[in-house]
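The values are calculated or read from the model by the stated rules, or taken from the named source; none is laboratory data. Note that this is a predicted model, so its numbers are computed, not measured. Note that each Cβ is placed from the backbone with ideal geometry, even for glycine, and that neighbours are counted across all protein chains shown.
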Amino acid sequence: MEMRFGEKRRPGVVTERQESSGDGSFWCFLAPAFLLLGGCHPGHRQSVVHPASFEASEIARLWWVMFGVLTVAFILVIVFTAWAIFRGREKTPSPPGGGRRFIVGWGIVFPAVVLVGLLFYSLKVSVLMRAPDEGVLVQVTGNMWWWDVRYPELDIITANEIYIPAGEPVLIELRSNDVIHSFWVPNLHGKMDTIPGLVNTFWLNADEPGQWRGQCAEFCGRQHALMAFEVVALPPDEFAQWVEDHQPEPKETTPVAAAEKEPFARGKEAFFRASCHECHAIRGTEARGRAGPDLTHIGSRLTLGAGTIPNNTGNLMGWVVNPQEIKPGNLMPRTYLEPAELRDLVEYLESLE
Ligand code: CUA
């Protein structure tokens with residue numbers, strides 16, 4: 001009177017039918033899995049399964065446990081489905097009592113135990129996620145589609161890249177200027193939304209020096225996919241040097257002061273003539289716009305357009321002339337400049353390291 005699952009007959013039948021007609025659908029299941037694996041970048045710069053912090057390690061372990069358990073559950077479902085389809089109804093009719101027991105056991109009790117187990121495990125992981133009491137404070141504000149990055153205690157403003165000291169906690173305040181975005185550096189931590197009108201607190205704590213790619217993880221409009229940022233963890237002494245190099249005061253040695261001198265004066269003039277200062281700030285100058293990224297250290301920025309293109313002379317020229325070609329829909333309009341003016345402007349911007 002018991003269920004027939006597991007009796008000799010089943011494997012033979014399933015295997016036969018799979019070999020004769022099931023091949024195509026088998027690969028249909030596997031193809032998307034391979035596509036997903038294609039998302040694992042060889043450099044592992046944006047990868048949940050290559051953790052570089054305690055938090056990311058716990059999340060990665062949770063991911064692998066879920067992957068393993070749910071793979072087993074998936075295979076069981078497929079096997080049961082195949083068995084139900086191919087077992088041959090006439091030859092092995094299910095007795096009413098046995099069928100019910102099977103459904104209660106495998107259809108209700110088993111999934112409930114598995115899901116509750118995973119629920120408690122994920123709760124345990126979330127309890128392990130403890131925000132540090134202190135650390136370098138970074139204010140990150142999401143905009144469509146870039147990240148404003150400020151270090152209020154260190155007097156540094158930048159965009160789309162976050163420099164942090166390796167091995168030390170970094171507290172992050174997350175805000176949004178427009179819609180909901182989500183701050184995500186998969187190698188270092190889980191996701192946290194940036195919500196208009198709210199301040200969400202978060203933290204990063206990289207074990208070792210390294211560089212990783214962060215990405216907006218909440219759909220926020222046309223260029224959501226191009227709302228990326230870089231996180232660079234430096235050894236503490238190099239981080240201290242970075243802080244020193246990125247102070248805003250126009251001292252003799254700072255880039256802004258150097259840029260005041262020839263030959264960058266023409267480029268600076270072009271910057272104001274083209275009204276760049278309406279939207280962009282360059283600390284130490286009259287440019288105080290807030291609509292676009294702060295350009296005080298644009299010359300040392302790694303990328304342009306929030307991770308869209310590498311920051312080099314050709315790309316910077318292309319971006320200034322027609323940012324809509326590179327990242328359609330972003331707030332920056334075309335800039336109309338004579339070729340010589342463009343050269344001067346870009347030279348000036350590149351001097352702002
Ligand atoms: Cu911001 Cu998606």
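Within region 185-207, residues that are over 18 Å from residue 59 (Cα atoms) sit with their Cβ atoms under 9 Å from residues that are more than 16 Å from the ligand (Cβ to nearest atom), at 6+ positions apart or across chains, in these pairs: 199/139; 199/173; 200/173; 201/131; 201/171; 201/173. Taking region 208-229 as the range and being without any contact (Cβ under 8 Å) to a residue 60 or more places away in the chain and either surrounded by 17 or more Cβ atoms within 10 Å (Cβ to Cβ) or more than 14 Å from the ligand (Cβ to nearest atom) (or both) as the test, the residues that pass are 209, 217, 218.
Taken over region 315-342, the criterion of being part of a helix (DSSP H, G or I), without any contact (Cβ under 8 Å) to a residue 24 or more places away in the chain and over 24 Å from residue 144 (Cα atoms) is satisfied by 339, 340. Given the structure, is residue 175 within 16 Å of the ligand (Cβ to nearest atom), within 20 Å of the chain's Cα centre (by Cα) and under 22 Å from residue 289 (Cβ atoms)? Judged against the criteria, residue 175 is a match.
If you go through region 194-207 and keep only what is surrounded by 18 or more Cβ atoms within 10 Å (Cβ to Cβ) and within 14 Å of the ligand (Cβ to nearest atom), you end up with just 194.
Please work out if residue 183 is within 15 Å of the chain's Cα centre (by Cα), under 17 Å from residue 301 (Cβ atoms) and hydrophobic (A, V, I, L, M, F, W, C). Taking the combined requirement at face value, the residue does not satisfy it.
Kindly establish whether residue 196 is of a type outside the set (Asp, Glu) and within 13 Å of residue 138 (Cβ to Cβ). No: the conditions fail for residue 196. Among the residues of region 160-169, those that are away from the ligand (no atom under 14 Å from the Cβ) and touching a residue at least 60 places away in the same chain (Cβ under 8 Å) comprise 161, 162, 163, 164, 165, 166, 167, 168.
No other residue among 244, 238 is assigned to a helix (DSSP H, G or I), at pLDDT 95 or above and over 20 Å from residue 172 (Cα atoms) apart from 238.
One residue stands out in region 122-171 among those that are among the hydroxyl-bearing types (Ser, Thr, Tyr) and surrounded by 15 or more Cβ atoms within 10 Å (Cβ to Cβ): the one that is farthest from the chain's Cα centre (by Cα), namely 151. Checking each residue in region 303-346 for being among the charged types (D, E, K, R) and buried (at least 18 other Cβ atoms within 10 Å of the Cβ) picks out 327, 341, 344.
Residues of region 172-191 that are buried (at least 18 other Cβ atoms within 10 Å of the Cβ) and not β-branched (Val, Ile, Thr): 174, 175, 176, 181, 182, 183, 184, 186, 187, 188, 189, 190.
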